[in-house]
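Structure record follows, encoded as structure tokens.
Read-outs: derived from the displayed coordinates by stated rules, not from any lab. Since the model is a prediction, treat every value here as computed from it, not as a measurement. Note that each Cβ is placed from the backbone with ideal geometry, even for glycine, and that neighbours are counted across all protein chains shown.
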Amino acid sequence: MKKVVSKIMLSTLLLSSFSTAAYAENPIIKDKFTGDPAALVQGDKVYLYAGHDEASAGGNFYFMPEWVIYSSTDMENWKQEGSLSVKDTFSWAREDAAWASQVIERDGTYYWYVATNNKDGSGYCIGVATSQSPTEGFKDALGKPLITNQMTTSSISWDDIDPTVLVDDDGQGYLYWGNSYPYYAKLKPNMIELDGDIQKVTINNLKGGFTEAPWIHKRNGKYYLSFAHNWPEGLAYAMSESPTGPWEYKGMLMDPFTSDPNDKNNSNTSHQSIIDFKGKSYIIYHTAALPTGSSYRRSVSIDRLYYNPDGTIKKVVPTSTGLDGEGQKLQSYSFLDRYIRHYNNDARIDPLDVLNISNFDARWQIVPGLATSGEEYVSIQSVNKPGYYLRHSNNDLALVKNDGTDIFKADATFKKVPGLSDSNWASFQSYNFPNLYIKQKDYLLKLEQVNTEGDKENATFKMSEADVKDVQLNIDSLTLQQNDESSLSAVVLPSSVLNQKVTFTSSDPNVVSISNSTYNPEDGKTTVTIAAKSPGKADIIATTDEGQFADSATITVEKQMPTIIKDLKISVNNRKVQIEGYLTQKKGSDVAVSVTAPNGKLDYLDQITTEDDGKFRYEFTLWNHAAGKYDVKLGGIDLSEIVNTSFQYKPGPQNQ
């Protein structure tokens with residue numbers, strides 16, 4: 001059972017101090033606009049390749065003269081290693097079209113497959129450059145495209161884009177690509193020539209349409225083809241037992257950033273890279289979260305990716321917090337069952353949605369103030385809408401995209417002060433209108449003066465951690481007898497998290513089985529009943545729905561010993577009889593008793609259930625007044641044999 005107290009305490013200290021020293025968030029590249037990410041894992045380092053978006057603010061198409069190269073050893077801190085110019089590398093390509101690409105390594109050579117635009121006007125195509133280094137020295141391997149628009153049958157000029165490559169365990173290389181239609185072809189061992197005909201990829205039971213951005217990867221013997229889906233684009237995926245299919249659609253990976261194709265503040269496109277690094281899985285993607293970001297000014301972000309036990313992938317919510325940021329929830333002092341949430345960009349206080357266990361629209365990232373970085377000043381960013389902040393306008397609070405202007409920064413900055421109704425809570429004072437506070441009014445957030453006690457209550461909020469950090473079981477190990485049962489409970493940490501869901505699994509259900517779980521909101525415990533089925537050992541693993549944190553307990557099942565009655569005692573006092581004892585191996589078992597009088601007639605018959613400790617007790621009055629020997633029999637389904645005993649009775653007061 002893991003101990004995480006120090007981590008929880010540290011998070012609490014950081015929350016209270018708003019220190020900027022340990023701050024990590026999306027996007028991971030903030031000094032330039034980047035899109036179409038692709039990652040390559042090499043030992044203890046990850047290389048990230050992305051197109052450099054250089055379109056002007058308000059531009060209406062891509063201007064991408066180069067790809068940029070970054071590296072990291074921890075997925076959080078990224079260093080730029082270099083860049084690759086279209087103009088200087090591919091003489092046959094237009095110099096402004098550094099579209100999606102991917103780098104792979106084979107036998108010490110790095111192959112950079114790129115989508116770009118052919119100068120001859122024939123359309124978009126795929127080229128390949130090679131180098132002995134992942135960061136420099138790339139040269140055009142062919143002096144011409146590897147895939148041209150004429151090699152496929154689509155009527156559009158941009159269907160041959162977005163290359164992704166897999167070298168399978170048997171050494172066979174595969175190239176996948178496409179817009180509107182997904183294609184693949186085998187590669188020769190030199191990795192710069194096709195080996196056979198181009199094939200169309202069929203995705204069975206696809207709901208919606210394949211748009212672009214295929215990414216191929218293999219994990220635990222299963223093949224995954226993820227891709228941009230519909231328009232505006234979300235991310236979806238399919239699975240197969242073979243790199244050539246058949247492919248079966250499995251569902252959405254990520255929802256679109258917007259439902260409006262004309263939304264100028266978000267990216268209509270999606271593009272993903274999926275990797276495993278140092279025992280964890282990641283999805284790298286682009287958004288438009290930076291100020292003035294758009295479909296043509298994108299930003300690379302990273303979140304964790306999680307697989308279900310059957311190999312399918314859990315849907316990802318893009319976050320501002322990324323890999324190491326902190327999400328908080330803000331509880332209303334006036335209405336304790338309500339929290340600050342956003343809905344259609346309105347800022348409200350609403351109850352949590354019990355059917356939406358993650359409640360991402362109630363998660364906020366408290367960041368240093370956009371207008372001033374003074375320790376007491378903060379801005380409040382939506383976790384699930386990166387780049388959007390609580391901003392006041394005409395005394396209303398709304399969720400608004402950061403446009404980078406000074407007025408936005410001022411409107412979205414607040415001074416965090418001790419709660420006006422409870423100093424252990426918090427209130428938020430406007431930076432540019434210091435006589436006004438964030439306050440709820442009819443469940444909507446306003447910026448208003450605080451004059452009355454009721455105003456103070458409505459302007460007071462409790463901040464607490466919303467993100468799952470760990471899970472703890474109530475035991476480390478337990479020994480049971482075969483056919484015994486016991487309860488096992490897990491607590492998600494910290495207790496304030498929004499998603500309390502825990503799943504229990506047994507490493508060997510034939511040894512220990514698990515019942516359906518129940519959650520008690522009063523103590524935060526999720527409890528299951530475990531049943532000992534057969535001798536052996538099994539680990540019971542509790543896994544959180546969010547973050548897949550896990551804790552385990554080892555259950556040892558011993559062979560069932562015969563159940564017998566021990567410490568059997570019979571006392572008689574003036575016809576009042578008491579029979580008591582306990583069962584050695586069972587609790588909650590039925591024990592029957594019969595008492596026969598000296599004349600052979602039945603005097604008493606009953607059945608009771610043992611207590612949790614196996615104890616039982618009968619108390620009754622003899623019907624028969626005859627003195628003599630009374631025969632007693634005790635039995636039950638779980639008893640290995642009938643117990644026969646007796647007691648002597650004679651009229652009058654007595655103790656026996």
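Key figures for this structure:
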| quantity | calculated |
| --- | --- |
| Two-site FRET efficiency, D406 against Q449, from Cβ-Cβ distance with R₀ of 30 Å, rounded to 0.05 | 0.75 |
| Degrees separating the helix 5-17 axis from the principal Cα axis of the chain, which is the longest one | 50 degrees |
| Shape call, the stretch 523-588: gyration tensor on alpha carbons, a/c limit 1.5 | oblate |
| The stretch 565-649, dipole about Cα centre (Lys/Arg Cβ +1, Asp/Glu Cβ -1), debye to the nearest 20 | 300 debye |
| Estimated FRET transfer efficiency (D120, Y343; beta-carbon r; R0 41 Å; 0.05) | 0.20 |
| Mean Cβ neighbour count within 10 Å, used as a protection proxy, ranking 263-271, 415-423 highest first | 263-271, 415-423 |
| Within the stretch 336-378: backbone nitrogen closer than 18 Å to the N395 label point (7 Å, Cα to C-beta) | 347-348 |
| Using θ = phi - 60° and Karplus 6.51 cos²θ - 1.76 cosθ + 1.60, couplings along the stretch 74-84 (whole Hz; Gly, Pro as x) | 9, 6, 10, 10, 10, 10, 6, 9, x, 7, 9 |
| Computed lengthening from K280 to D324, 0.36 nm per intervening residue step minus Cα-Cα distance | 14.5 nm |
| Set of lysines with alpha-carbon distance to K222 below 16 Å, sequence-local pairs under 8 removed | K250, K314 |
| Cα gyration tensor shape of the stretch 105-263, rounded if a/c is under 1.5, else prolate or oblate by comparing a/b with b/c | oblate |
| Sum of -39500 (n - 2.57) over DSSP H runs of 4+, divided by residues of the chain (222 nm, nearest 500) | -1000 deg cm²/dmol |
| Potential lengthening between S640 and N520 on full extension [0.36 nm per residue; Cα-Cα distance subtracted] | 39.4 nm |
| Distance between the stretch 80-147 and the stretch 485-518 - C-alpha centres, whole angstrom | 50 Å |
| Note, ³J(HN,Hα) from phi for the stretch 160-172, Karplus 6.51, -1.76, 1.60, rounded to Hz, x at Gly and Pro | 9, 9, 6, x, 9, 10, 10, 9, 6, 4, 8, x, 6 |
| Three-way shape call for the stretch 82-175 based on the alpha-carbon gyration tensor, with the a/c threshold at 1.5 | oblate |
| Segments 214-225, 359-370 sorted - mean Cβ within 10 Å per residue, highest first | 359-370, 214-225 |
| Restraint check, K446/K469; K533/K587; K329/K401; K32/K409; K87/K218; K139/K186, Cα-Cα greater than 25 Å | K446/K469; K87/K218 |
| Eligible aspartates and glutamates near K264 by straight Cα distance, threshold 13 Å, same-chain separation 8 or greater | D403 |
| Residue-wise HN-Hα coupling along the stretch 206-212, computed from phi with Karplus coefficients 6.51, -1.76, 1.60 (Hz; x: Gly, Pro) | 5, 9, x, x, 6, 10, 5 |
| Efficiency of FRET between K30 and Q199 - r from beta-carbon atoms, R0 30 angstrom, step 0.05 | 0.15 |
| Simple label model, 7 Å out from Cα along Cβ direction - K222 to Q42, nm | 3.1 nm |
| Equivalent ellipsoid semi-axes, the stretch 172-273, via Cα gyration tensor eigenvalues times 5, rooted, Å | 26, 15, 12 |
| Computed label-point distance, nm, for sites Q172 and V417 using a 7 Å Cα→Cβ extension | 7.0 nm |
| Dipole axis of the chain (+1 Lys, Arg; -1 Asp, Glu on Cβ), positive-most option in A288, A129, Y249 | Y249 |
| Under 19 Å from the Cα of K45 - lysines, other chains or at least 8 residues apart | K79, K278, K280 |
| Segment D612-E136, extension gain: residue separation times 0.36 nm, minus the distance between their alpha carbons | 164.2 nm |
| Computed Rg/Rh of the stretch 470-558, alpha carbon atoms with Kirkwood Rh | 0.98 |
| Positive dipole terminus of the chain, leading residue within T621, N451, T505 (C-beta point charges) | T621 |
